[in-house]
Structures are given as C-alpha cells and as structure tokens.
Amino acid sequence: MWSTCRYFLVRCVCLKRMTLMRALGCVLLLSVLTSVLFSYHLMSFKISSSKRTLVSPQPQVSCPPDPDIPPNFTYQPRDHRTKERNHLGRRALIIVENQYTKTGKGIHNVLDALRIDSKVETIGNNLPMLTHGEKGKFAVIIFENYSTYLTMDSWNRQLLDKYCKNYNVGIIAFIQPKRDDVFLENLNDFPLTVEYNIPLVNYKLNIYSTIWRMSKPGRLYEGELAGNWAVFHFNHATYQPLSYSYLKSSLNQDPSANPADSKPKRLVPAIHDTGQLDGIQRILFGGGLEFWMHHMMFVDSLSYLSHGKLSITLDRYIQVDIDDIFVGKEGVRVKVEDVMAMLSSQKYLQTVMEGFHFNLGFSGRFYLHGNAEEDAGDKKLLEYRHHFWWFGHMFKHEQAHSLDVRNVELSMTLNKQFAQDNAIPVDQHYAVAPHHSGVYPVHEELYDAWRKIWDIKVTSTEEYPFLYPFWGRRGFVHRGIMVLPRQTCGLFTHTVFVTDYKDGLQGLEENFKGGELFLTVLYSPFNIFMTHMNNYGNDRVALFTFEGMVKFLQCWTNLRLISVPPVQLGINYFNMFPEEKDPLWQNPCDYKRHIAIWSANKSCERLPRFLVVGPQKTGTTALYTFLSMHPAVVSNYDSATTFEEVQFFNGNNYYKGIDWYMEFFPVPQNSTGTYLFEKSATYFDHEIVPQRVSSLLPRAKIICILIDPAKRAYSWYQHQRAHKDPVALNYSFNAVLMADERMPRQVRDLRNRCLDPGMYAQHLMHWLDYFPARQLFIIDGEQLRNNPIHVMHKLQQFIHIQPYFDYSQHLRFDPQKGFFCQVMNDNRNKCLGRGKGRMYDAMDETSATFLRHFYRKHNANLSKLLNKLNFPVPSWLQDALADDN
Ligand code: A3P
C-alpha cells in the first residue's frame, strides 16, 4: 500500500512546470491518499470499548510524614556552591570493574542526562589523568563498586586520595555484594562494617543530613524494597547516616511475643563519611540505582561533594502537548464530560504551575469526525478554546517530508483558514510536525512554510539527535526556529485504557512513582510531553498521569514545577544550554527512523567519501586537480564565493544545512564506482570541524598535507599580499611575526592566522579525537611537489579507488613552471594558475630563525605522534628536528 502511495506522491512532486489545475488535481490526489493511509493506520489499531474502566481512575499519591520528625520541621534545599568549585571541571571520573557492568553504565547514563561530562576508567588501568595536566578536572570520583577502591594498588590509591584532598572533592561509591548469603565485613582501613544481603522495608531520609537539595526529607516511603541490600554499622563520629530503612522480618513481629523486640529494627542503607578521619568525604550506597530514591540522593551527592560544581537547577519546566486533538477513530474520541475533566484537571495543575495550559495541536480536517457524542466533545473544545493553548498541525495530518514546498504551504494554509473560521487563538508561534516528519532530519520546505504561513519560532521533536536514549535528546536552532527536545511520557495513541498497561493501574502508576516519567523530570529541566486526544477520553490516562506526576514530585522533591508559553520556553532553554544552539548534522541514512521521515527525493549518495582538509598553502589545489583527473573521482561543483572549496564544516555555511551541502555534489551514476570528494583547506585547523565531519561523514577518509610549517607560514603571508590584504601589504613578514600586544589588533590577528595552522600535532589530535587513525592519510607536501606520481599511487591504494589510474601517463614536470603539471599532449602541459607556485624573495634570516624556534616544540610533538601512529615521518620534519639538535 505504501509503495503505491509513494509512487503517486513521487509522480506528483516530479511534475515540472505544473499548471494550477494540475497542481490542484495533485493536491486532491494527495489528500485522498493521505486520508486512506491515515484510516488504514487507525483501522490497524484495534479498540475494544469493553476495556473501559467505568469510573476514570484518580491518582492516589500518599505522602505520609516520617513519624520521627520533630514538630514544625521544615527543610530548605541546600545551596552547595562554595568557592572551591571554581577550581574544578564540570566533569566526573567513573571507575568501573569493566566497561560492561550494569551499574557502571547506569551511572554514566545519569551523568549524560545531567549533561555532566564523564570519563570512565576500568580498574586495571593506572590513573595518569590525575597526575598529568588534568588537575582539578574531576569534580567528583565515582566507584561503581567500593571494594575496587579498597583493594586498589597502593600507588593508584595514594594518587587518588591525594587528588581528593588537594581539590577537596569527594568519592561516591556503591556497595556490591560478593556472595548471596547474609554476612558481615569490616572494611579495610575504616571503622565501618557492612552487612550484606539484607531484605529491607520502608525508607526515609535522615533529616539532619546537610546534603539534601533535590530530595525532600521528612517523608516515609512505605513498601518493600526490591533486591538484597547492604547496610552499614559504625561507631565513629565521621559517619552520618543518610537514610534509614527497616529489617523486613522485624517490622511484622508480634509485639506480645517479646516486647523488647517490638520496635522495628532500624538500619542504615546509605551513609556519609564526613572526612573526619582522613580529610576525604565519601558517600556510600548500600543499594544501586534501581531504587528511585537513590537517583535523587545520587544527584544530591554529586552536587554536595563537588561544592556545587555538579549542581543542576531545581526548576522544571513542563509543557503538555495534545498532538492531535481532533485526530482519532470514532469510539475513542473525547466527549463533553472528558473536556470538562480536562478543564478541571488543568485548573488543579495551575495551582502548582501558574499559567499551565494544555497545548492543543489540531488538524482541522478531522474536526467533527466522531459519533454524535464525540462531535459534541469537539464542539465543547471550541467553546472553551480560550482556556487552552493551540498550535496548528498539517491540515490532514500529512507528513511534511513527503511533500514539496507548495503542498506543505497549502496544507498549512488550509489549517490556518480552519483556525480563523473557528476563531481558534493560535498566537503561540509553536508547531510540531506529524510523526516528527521533516523536523529532523531537516526538510527545508517545512521550515520555509512554518515561517511563511505560521511565523513559527519554536518546535519540538524526539528525533534529535536520536529517539534513544531518551535522556540524550537535545535542542538546536535552525533558520531562527528553536527546536526543543521532547520527552515521551508513556502515553501513546494505543494506550487508551488502563488495561492497555502492563500491570494495569499499577503499571501506569509506576511510571510517575519513581519510574521512567519520574526520572525524566528529575533529570531534565525542560519537559515537553507528547500526548494524544485518545489519552484524554476513555480512561483519561493522561489526566491520571500528569496529576499523579505533579503530586508525587511535590511530595518527594524540592523541584519547582513551572509553565511558560512555548516561545519563552525556547528562550529559557537556550539561555540555559547556549552550546546546544549549533546543530550537529548527521547522515539521515545512518538511522532507520531518520530515513523514514526524510524526503524520498534526497539521496545520501550526494555526500563525499573523502575530504582533503588542508591546511592552506601546502599544495591542496595541486592535489585537488590531480584527483579530479581520475575518471572515477568526482569533486564538488564550484561555489560562487569560495570557488573550488565548499567550506561547509567551518563558518556559517554549516547553518545552511545538509541540503545546501548536498547541492554541491552530483547524484553519482554509479554509487560504488564513483568517489565523491571535497577539498576545503580551511578545515584542518578549525577546532569544531572534526566533530562536525565525523557526525555527518563518520566513514569518510581524511587527507591532509604537511610541509615545513615555516615555509607554509611564509607562503600564506605571500598569498595574503597577492590578495591585497592591507595588513600584509603594510607590514613586513618579520613585523607580522613579531607582533605583540603593542601592535594593532589586525596585525596580531594576521600573526595568529599565519602561525596557528602550522601547529600540526595539536590539530591532528583534534581529528584523532573523532576519527580512528586508519581513516587518516597524511601526505608529505614536499613529496607531492617533487614526486606527485608516487603520492597519487599511494593515495589510490589508501582509498581503494578502482580502476587504478596511472598518473605517470598524465603528469610530467614542467621546467617553465617548476612544478608537475597535467599532460595535455606531447607538446603541451596544463599547469596551475599564477596564484600557485608564486615567485617571491627568499625568507629573511631573522624570520627563519624565529620560526625555527617557534615550531620546534610543535614539530617534536608531530614526530612523536607520527611515530606513535606508525605513520612515516616526512623528510622535511626529520631535517628540521636534526637542525634543532
Ligand atoms: P607557493 O605558491 O607559495 O609556492 P595551496 O594550493 O594549498 O594553496 O598551496 C599552494 C602551494 O602549492 C604553492 O605555494 C606551491 O608551492 C605548492 N605546489 C605543490 N605542487 C604544486 C604544483 N604542481 N603546482 C603548483 N604549486 C604546487
């Protein structure tokens, strides 16, 4: 069915120079197809109204106080920030037993969710990062298993303890049982005993601990705790319990049997070593992150032990979108009483989050598409339209990526007309796309139409960069539209009744009582939840979920729940995470969800297989020309502004998106036998470029050319003069090199631009952060100049270019030019233009000496790096190093 529709869609989209009649005909056809597809989709979703719970469930969130709290107990969340945090990086070191353990991965994921950078080390390794150049880098050290710390070899242990003392950072550790039975163990070096495999019941926080920030002490969690726990026994003042729990068997004892035993046995499953013994603070957990309260406690521990460096805001923005308020099959749509329930639930939510409104997305075509009761529900929604926020979808809920710009606009215009006809207030400048289609990967046509028809400023998607893991979703800005990450809250089009949930009501409840929904809010300051109309009719699972979520969060956390209109939400988001504004484009064909919502007219084959990245003035144009001579190697089209260089990955072109980039490449006739490539010599030394390239072209081969950096600097200076750069014309080479703070800023800038690219090792390291060495090919620029036939032979081998091209037949030395040139016929060569292989005076001796000193360290580093990678060391580098000795 889909392929038939696709055939028609493609035909429609491909009609060139469409007449108006033809266009309308096509729109009609598309509409029919979309409706057919949509009903097909709905039909495949089987509904049994017998499942319906007669009375919609109400969330029960009991919030019993800890019976031991003193009267009038109140708790102010702590501010852990002290000056000490200024010496620390926003980074944590995680030490794991091996990289596959569940707890280790769990810890890493939590830090990821909190946007805290982390380094994972296995215990077998030494910890050189604590001694070399990374001092103060880690704001906290985390052990997935405390016994790893206790049994560390003395060198590593001393190193670690010293680091913790020097920077006053603490250790968080989890206790992992070694056996299955109950046993006691005295911990080496500490007056602390651990009792393993204890079944526990009920849990509460120690209200006297000073670490609670997100967690709200003074509540009692009633219930059995899953798993077998470790508990702590101690008799030293350095230890302060963080929480209490009770021995399961002691709770239900018959008090009449032995009155002395009638008090349930209180145990300590998490403890704080305040550092009185050795100056190092430690927080130890007797259970893992499977227990939801430990997540809050872990976040508080990170914040406390890092002096606030790893604190995250307590503000939690909440937005609830009802994506398709009129889209739903007859029989499961909202009725009048459901709308009234929505309004009353919204009223309750407003008492917690001032200004909260359900955000209703509409596709006008499906208005009044239910039975009589449901149509009355639709009308009721419009009657109360001013009580909600609204945003426009596509008129027929079409997927934008399958439409051209004209049809995207047409659909939006129809929907806008529907809003006007029904006086729906649509002033939020917010929209989402059906099935996320066209938001990411970007379908430029959708963005064009959003701006033009609706003046959209903010949207949201689950797809950037990927749907999974949910905590890894991020935002970006494209063409002035803020794209925010949205979260899943466990409510889907098919979850209409409580019985749709595994474990029924309990399963639905678990989601917000410490389950995925709870953790989502715990970790993400911005929460845009997607729900559907069906979740508000029937068993009203959405109202149950959000009221329950809010009550549970209020009971257990100090989080401040906030609602602001979508545009403000976007502004606040990028104020908090400004580094996310820049997108990081990926190859849409590397992820099947992305291919599904990317236009069928676009092809990932229009992306290069290898890049020549520079640096400038090393012979990049010669290499580009030689490569282009190969019948199977195809370069990009010329740019109107930067000629043979596209310069996409550095600078502002990147923000134009990948459609713009792909326009520079032909669709290859034979995708396996054609080698598309691009050369932009500015890529090599831009710090941001390697990451961007690896994100879009992770399998690309990276080619760079290195010549003596001193020669390169001089050639670059001459190039600036030839291009009439006023600074280069007014200042001698030597004056530029010597420019210090007393010189005008432009001269200093020119100096840096002249010298920086030549710090080869440092730039190569950036590339190696994102690409394995086997994808990197380094050409000796002197060899390229003097023996290009050999270089081209090696390069073809490296890229595995087929068929082999024998350059000895096509290149020869041109005595007049003084360089190798392309053989045109027996008498004629085609050489590079006057701008390549320029004639200029030899470099003055003072500058040469200065540059020799300046690059000495960088050259030595380059030689070390090349040796380490087992790459050949160019002869010019060997000579330069020999001169230095
Ligand atoms: P000069 O003009 O200073 O001699 P790029 O193309 O990266 O801008 O590099 C230009 C340099 O390429 C020239 O610098 C020249 O030395 C070098 N080169 C190497 N092989 C060449 C060739 N076959 N023809 C012209 N220049 C070549």
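The values are calculated or read from the model by the stated rules, or taken from the named source; none is laboratory data. Quick caveat, the model's predicted, so the values are computed rather than measured. Here the Cβ is made from the backbone with ideal geometry for all residues, glycine too, and neighbour counts use every protein chain on show. To get the accessible areas, we keep the full protein, side chains included, count just its heavy atoms, and leave off ligands, DNA and RNA. Shrake-Rupley method; radii C 1.70, N 1.55, O 1.52, S 1.80 Å.
The phi-based Karplus calculation (6.51 cos²θ - 1.76 cosθ + 1.60; θ = phi - 60°) puts the 3J(HN,Hα) values of the stretch 680-686 at 9, 5, 7, 5, 3, 9, 8 Hz, whole numbers, x for Gly and Pro. If you take every residue apart from residue 214 with its C-beta less than 14 Å away from the C-beta of residue 214, what net charge results, scoring Lys and Arg +1 and Asp and Glu -1? Charge balance near residue 214 sits at +3.
Shape of the chain from the C-alpha gyration tensor: oblate (a/c of 1.5 or more and a/b not above b/c, with a ≥ b ≥ c the square roots of its eigenvalues). With the convex hull of the Cα atoms taken as the outline of the stretch 726-830, the averaged projected area works out to 10.6 nm². Under a 5 Å amide H cut-off, with hydrogens placed 1.01 Å from N, residue 634 pairs with 675, 676, 677 among residues at least 5 apart or on other chains. Computed over the chain, the per-residue total of -39500 (n - 2.57) for DSSP H runs of n ≥ 4 gives a 222 nm mean residue ellipticity of -10500 deg cm²/dmol, rounded to 500. Accessible surface computed residue by residue for the stretch 606-672, with neighbouring protein chains in place and a 1.4 Å probe, gives 39 Å² per residue.
Annotation: amide H of residue 170 within the under-5 Å range of 141, sequence separation 5 or more or interchain, hydrogens built in the peptide plane.
Shown here is the pair-distance distribution of the stretch 110-198: with all Cα-Cα distances grouped in 10 Å bins from zero up to the longest one, the shares run 14, 44, 30, 12, 1 percent.
Before I look further, what does the stretch 99-251 give for accessible area per residue, probe 1.4 Å, in whole square angstrom?
Details: 6570 Å² over 153 residues.
Accessible area per residue, the stretch 99-251: 43 Å².
Remark: the stretch 587-736 carries a charge dipole of roughly 200 debye about the Cα centre, counting +1 on each Lys and Arg Cβ and -1 on each Asp and Glu Cβ.
For the stretch 268-359, with every protein chain kept in place, what is the accessible area per residue (1.4 Å probe, Å²)?
Numbers: 2310 Å² over 92 residues.
Heavy-atom SASA per residue in the stretch 268-359 reads 25 Å².
D for the stretch 756-885, whole µm²/s, Stokes-Einstein with Kirkwood Rh over alpha-carbon pairs at 25 °C and 0.890 mPa s: what number? Rounded, D is 141 µm²/s.
Starting from the stretch 411-502, pick out the trypsin sites (Lys or Arg not before Pro) whose DSSP state is loop and whose Cβ has at most 15 other Cβ atoms within 10 Å. Those that pass, being in a loop and sparsely packed, are 479, 502. Rounded if a/c is under 1.5, else prolate if a/b beats b/c, else oblate: with a ≥ b ≥ c from the C-alpha gyration tensor eigenvalues square-rooted, which is the stretch 147-251? Verdict is oblate for the stretch 147-251. Summing Cβ point charges (Lys, Arg +1; Asp, Glu -1) relative to the Cα centre of the chain gives a dipole of roughly 1740 debye. Legend: distances between Cα atoms for 137/656; 617/830; 817/864; pairs beyond 25 Å are 137/656; 817/864. 5 Å is the cut-off here: which amide hydrogens, built 1.01 Å from N in the peptide plane, fall below it relative to residue 219, excluding neighbours closer than 5 in sequence? Amide H neighbours of residue 219: 66, 205.
Mean shadow of the stretch 131-183, computed from the convex hull of its alpha carbons, in nm²? Walk me through the intermediate numbers first.
On the way: hull surface 17.4 nm².
Taking the Cα atoms of the stretch 131-183, their convex hull projects to 4.3 nm² on average.
Of the residues 561, 653, 99, the one whose Cα sits farthest towards the positive end of the charge dipole of the chain is 653 (charges of +1 on Lys and Arg Cβ, -1 on Asp and Glu Cβ, taken about the Cα centre).
When the accessible area of the chain is computed with all protein chains present and a 1.4 Å probe, what percentage of it is carbon and sulfur? If you can, show how the numbers build up before the last one.
Working: 20180 of 39180 Å².
Carbon plus sulfur share of accessible area: 52 percent.
For the stretch 674-788, what D do you get in µm² per second when you plug the Kirkwood radius from alpha-carbon pairs into Stokes-Einstein at 20 °C and 1.002 mPa s? It comes out at roughly 135 µm²/s.
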